[in-house]
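> Sharing a structure, written as structure tokens. Questions coming.
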Amino acid sequence: MSSDYVTTKRIDPDLIKRCQAGDQDSFRVLFEAYKDRIYGIAAYFGADEATAKDITQEVFVRLFTRIADFQGRSTFDTWLYRLVANCCMDEHRARKRLLPLDLIHSRRRRMETKTAPHEEAYMRAEITGAVQATVRSLKPKLRMPVVLRYLEELSYDEIAVILDCSPGTVASRLNRAHRALARKLAYLVSREL
């Protein structure tokens, strides 16, 4: 089975029909096409690699058991991202009390695995880590729009469908997230000067 059935943000409806009919090869094509994108969202939303893997696995379990529910009223990507968003939110609720420990451990692991000897590479990695940790520290209602907008480059309308809210609500949440990020990351700007 070829990956010709999957292109950027478009998926062949016949592939979906075959998945809905139980064709495992077609499901494998979907898995290969989306596993990295789903893991990327989960990793950015989650705090560590293990959590991101758990979320990714849960998304595919839900996808496998619920693909028959997809009726084509939205794009497949939108429907799938809604599954991802729901899994991320469920995981957040389940680990709410453990999240600060996860952040501390993931930051420590990143610091211990730095191998670049150059100060510039170290600073870039430190800034990236600080931005990711700050995004993860946002409330889930603010975090998910940021991840979908900047990691997946989705439009406000697409995000609105995924999160079951209006595009205006998406804009408002992104605006609040931008202000929170600017406030929390202001020290990086002053350090660069």
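The values are calculated or read from the model by the stated rules, or taken from the named source; none is laboratory data. Given the structure is predicted, the values throughout are model-derived calculations rather than measurements. Heads up, the Cβs are rebuilt from the backbone with ideal geometry, glycines too, and the neighbour counts pull from every protein chain shown.
> Just to check your reading of the model, which residue among GLN20, GLN24 is surrounded by fewer than 20 Cβ atoms within 10 Å (Cβ to Cβ), in contact (Cβ under 8 Å) with a residue 40 or more places away in the chain and over 28 Å from VAL135 (Cβ atoms)?
On the way: GLN24 fails: in contact (Cβ under 8 Å) with a residue 40 or more places away in the chain.
Residue meeting the stated conditions: GLN20.
Yes/no per residue for (1) at pLDDT below 90; (2) over 22 Å from CYS165 (Cα atoms):
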| site | (1), (2) |
| --- | --- |
| GLU58 | no, yes |
| TRP79 | no, no |
| ARG82 | no, no |
| ARG93 | yes, no |
| LYS96 | yes, yes |
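> Would you mind finding the one in THR169, THR115, THR128 that is of a type in the set (Ser, Thr, Tyr), more than 14 Å from the chain's Cα centre (by Cα) and modelled with pLDDT under 65? Walk me through it before giving the result.
Values: THR169 fails: modelled with pLDDT under 65; THR128 fails: modelled with pLDDT under 65.
Among THR169, THR115, THR128, only THR115 is of a type in the set (Ser, Thr, Tyr), more than 14 Å from the chain's Cα centre (by Cα) and modelled with pLDDT under 65.
> Can you pull out the residues in segment 128-144 that are in a helix (DSSP H, G or I) and within 14 Å of ARG93 (Cα to Cα)?
If we filter segment 128-144 for residues that are in a helix (DSSP H, G or I), which is where we start, we get 128-137, 140-144.
Matches in segment 128-144: ARG136, SER137, PRO140, LYS141, ARG143, MET144.
> Can you tell me which residues in segment 32-76 are under 13 Å from the mean Cα position of the chain (by Cα), in contact (Cβ under 8 Å) with a residue 12 or more places away in the chain, surrounded by 18 or more Cβ atoms within 10 Å (Cβ to Cβ) and in a helix (DSSP H, G or I)?
Selection gives TYR34, ILE38, TYR39, ILE41, ALA42, TYR44, PHE45, THR51, ALA52, ILE55, THR56, VAL59.
> Among the residues of segment 77-97, write down those that are outside any helix (DSSP H, G or I) and surrounded by fewer than 15 Cβ atoms within 10 Å (Cβ to Cβ).
First, pick out the residues of segment 77-97 that are outside any helix (DSSP H, G or I): 95-97.
If the condition is that a residue be outside any helix (DSSP H, G or I) and surrounded by fewer than 15 Cβ atoms within 10 Å (Cβ to Cβ), then LYS96, ARG97 are the ones that fit.
> Six or more apart or on different chains, Cβ atoms under 6 Å: show the pairs whose first residue is in segment 121-144 and under 19 Å from ARG173 (Cβ atoms) and whose second is of a type outside the set (A, V, I, L, M, F, W, C) and modelled with pLDDT under 90.
Note: pairs meeting the criteria are THR134/LYS184; PRO140/HIS92.
> THR75 - would you say it is at pLDDT 85 or above, over 17 Å from ASP36 (Cα atoms) and polar (S, T, N, Q)?
Numbers: at pLDDT 85 or above: yes; over 17 Å from ASP36 (Cα atoms): yes; polar (S, T, N, Q): yes.
Yes, satisfied.
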